[in-house]
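Q: Next up is a structure, given as structure tokens.
The values are calculated or read from the model by the stated rules, or taken from the named source; none is laboratory data. Nothing here was measured: the structure is a model prediction, and the numbers come from that model. Positions of Cβ are generated from backbone atoms using ideal geometry, with glycine treated the same way; all protein chains shown enter the neighbour counts. Areas reflect the complete protein model, heavy atoms only, side chains present, ligands, DNA and RNA absent. Shrake-Rupley method; radii C 1.70, N 1.55, O 1.52, S 1.80 Å.
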Amino acid sequence: MFVGCYRHLLTAISPLMVSAALLVSHPSFADQKLPNVTILATGGTIAGTGSTSTTTVGYTAAKVGVEALIEAVPELKNVANVKGEQVFQIASENMNNDYWLTLAKRVNTLLAQDDVDGIVITHGTDTIEETAYFLDLVVKSKKPVVIVGAMRPSTAISADGPINLYNAVILAGSPEAVGKGVLVCLNDEINAGREVTKTNTATLNTFRTPELGLLGYMQDNRPHFYRQSTRRNTADTEFDIMGLDSLPRVDIVYGYANMDPTALNAFVAAGAKGIIHAGVGDGSLASAVKPSLIEARKKGIVIVRSSRVGNGIVARNGEANDDELDFVVSDTLNPQKARILLMLALTRTTDTKTIQTMFYNY
Ligand code: SIN
């Protein structure tokens, strides 16, 4: 694991020298009690292995266990008292509501303990943004929760997992991260769970918060924050999943030229309680689909107009008369994040005015 050049280089120049350098440049690590950080491992490329050191596509995700991930970064012990738990071991395209509930319950249980100062979650990058937003809405603590992944498997030359994990542990143990909501930290950058999205299939700088911007950087073994999300999160939300063992079904209908209602009707038939319409432009509704959305709403299904564009506010009563249709708009949430908020909203209410207020608050 993590057997690329990075690891060999560190071994060659002696871990002791690296540790000593950290302590010299940051007396805080030497002077202060180290924070207690628990690493919850869930799989992904950060725990992936390839057949050769140059295999950066076509590798197998979710192979390496949490203890091996921790052992591969001995520098962690200089910055935190680290414990690891393997919550599950999956490629994140297999993430689902059940895994989210399991993970969120474990996070809440751990953060309620006095001997846990922060949590790092290792995760596949494909759905990291969804898990981050889910936890942002259901974690009941202001203590830091940092989600981290990697774009290269642990066996690759210049694997990004070790430095990403190292930065994530520092961030999760830092007072600066308290109360900032669930954070996503890769490639030396800190983004908000609500806002971040994966923007490139393969590059290391794939995680972006387009237009609104990142929160800060990891540099010189510490976080540097420049802004934070204005939306309610973690201990300030009304959502409580601790007593839940399932979430309401919400599906996403994607907008495109020549669209018809086949997918929408199938989701309705499958028992969807909510539909996210990922419309073109400002969440526009095709004439071929609008009557089926109206029918779905009449059956009590909550319809949220989002956009496939990726940036900007979906304007209420803009491209559709939402007041008349009794639809909700997603504000700036992309469709996959709007799905998460609608699922949680439906655990509290089916009232569309209340749900609309949630979309403006979270
Ligand atoms: C995954 O999401 O589990 C695979 C891809 C990755 O982690 O980069």
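Q: Of everything in region 37-56 that's within 22 Å of the chain's Cα centre (by Cα) and in a loop (DSSP other than H, G, I, E, B), which residue is nearest to the ligand (Cβ to nearest atom)?
A: Here the residue is 44.
Q: When you scan region 160-176, do you find a residue that is without any contact (Cβ under 8 Å) to a residue 40 or more places away in the chain and in contact with a Ser or Thr (Cβ under 8 Å, 6 or more places away or on another chain), even just one? Reasoning before the result, please.
A: Here is the first cut: in region 160-176, the residues without any contact (Cβ under 8 Å) to a residue 40 or more places away in the chain are 175.
Filter once more, keeping what is in contact with a Ser or Thr (Cβ under 8 Å, 6 or more places away or on another chain): none.
Looking through region 160-176, none of the residues is without any contact (Cβ under 8 Å) to a residue 40 or more places away in the chain and in contact with a Ser or Thr (Cβ under 8 Å, 6 or more places away or on another chain).
Q: Let me ask another. How about region 269-286: which of its residues are of a type in the set (A, V, I, L, M, F, W, C), open to solvent by 30 Å² or more (accessible area, probe 1.4 Å) and within 28 Å of the chain's Cα centre (by Cα)?
A: Matches in region 269-286: 270, 280.
Q: Another one. Out of all the residues in region 213-237, which are open to solvent by 80 Å² or more (accessible area, probe 1.4 Å) and of a type outside the set (D, E, K, R)? Let's see the steps before the verdict.
A: We begin by selecting, within region 213-237, every residue open to solvent by 80 Å² or more (accessible area, probe 1.4 Å); these are 217, 219-220, 222, 226, 228, 230, 232.
Within region 213-237, 217, 219, 226, 228, 230 meet the criteria.
Q: Pairs, please: C-beta under 8 Å, at least 6 apart or cross-chain, first residue under 13 Å from residue 333 (Cβ atoms) and in region 193-214, second open to solvent by less than 50 Å² (accessible area, probe 1.4 Å) and among the aromatic types (Phe, Trp, Tyr)?
A: Final answer for the pair search is 193/133; 194/133; 194/362; 196/207; 197/207.
Q: List the strands (runs of 3 or more DSSP E) inside region 61-149, counting only whole elements, that have at least 3 residues being open to solvent by 10 Å² or more (accessible area, probe 1.4 Å) and either under 19 Å from residue 242 (Cβ atoms) or within 12 Å of the ligand (Cβ to nearest atom) (or both). I'd like the intermediate steps shown before the answer.
A: Details: elements: 81-90, 118-122, 145-148.
Output list reads 81-90.
Q: Something else about it: Pairs please, first residue from region 327-338 and in contact (Cβ under 8 Å) with a residue 40 or more places away in the chain and among the β-branched types (Val, Ile, Thr), second anywhere and part of a loop (DSSP other than H, G, I, E, B) and buried (at least 24 other Cβ atoms within 10 Å of the Cβ), Cβ atoms under 7 Å, 6+ apart in sequence or on different chains.
A: Matching pairs, first to second residue: 329/283; 329/314.
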